[in-house]
Amino acid sequence: MELAENDELGAGNCSVVWNVADKAVVQPVTDIELPTSLDLLPIRRVGTYCDAPNTIAMFPAVRDGYVLMLTVESRLELAWLQHLACDPRVSGLYTQPCLLLWTHEEGKAWRVPDLAAVIDGRLVFFDVKHSVRLEEPWTQMAFKLTARSLADAGVPYEVLSEMSAQRAHNLQLLSRYRWWNPALAEATAAVRDARPHTAAGLIRIIADLQSSGKKLRDESAVLEPDALGVGQAVLFHLLATGQCSADLDAPLRVVTGLTWPEQADSGGAQ
């Protein structure tokens, strides 16, 4: 701890250790390169021991065309993972991604970031902690050391904390609609072309398609879905995949305003 406080640990004596097919791949943090192999695994398992205090959750993510199950150790981590999944700039998600190892003649220090994401082709690391934990001296020292070492190596790093209960609820809801539903292809395309400003406008587009005799469902379906049901599925899919955005700190209702990519600096649920 004294070494970190005296700035004797940093990018110059920091290495990154990846778990590739259960084999350690070590790189200087100044030459960090994300392994591209699907064999890249979490560097550690979370909460798998008896009486572990952590809340374990699984989250499906697509990497290189394959669906993988990511493991997180808190509801807050899960919420931020769902948030990142809504961002169209994100092309890869990782949990417990690597080990940061600082080596000094007087000893070693190490820690594991909670999350990592590839955003606009650039690797970004995240730590997730509740605000009460951020006040702990050890946590502050560890995050300061991580931030300084990664910044000196040109690697983005961010500490994430609480989000509103409404946002967490909305993200949990939207995460179920990330996967493409071919039965709604025509309705989704019509909404994307029209770019309505509200959820009500989106539902109106669906209703107009139905009244014109367009097929908005799989022909094997038993019942014809109503415009509200189809509209909800289309809206939630567009939000979950970052094709449009809305205020997720408020309930999603028919009056919810929608923003499309050309109207904002970046896509994704806001």
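All of the numbers you see were taken from the coordinates with simple rules; none came from a lab. Bear in mind the structure is a predicted one, so any value in this text is a computation, not a measurement. Every residue, glycine among them, receives a Cβ derived from its backbone with ideal geometry; neighbour counts consider all protein chains shown.
Okay, here's what the table says:
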quantity	calculated
Computed helical MRE - 222 nm, the chain, DSSP H runs ≥ 4 contributing -39500 (n - 2.57), nearest 500	-9000 deg cm²/dmol
Separation of the Ser211 and Glu106 label points, Cα + 7 Å toward Cβ, nm	7.7 nm
Segments 252-258, 80-86 sorted - mean Cβ within 10 Å per residue, highest first	80-86, 252-258
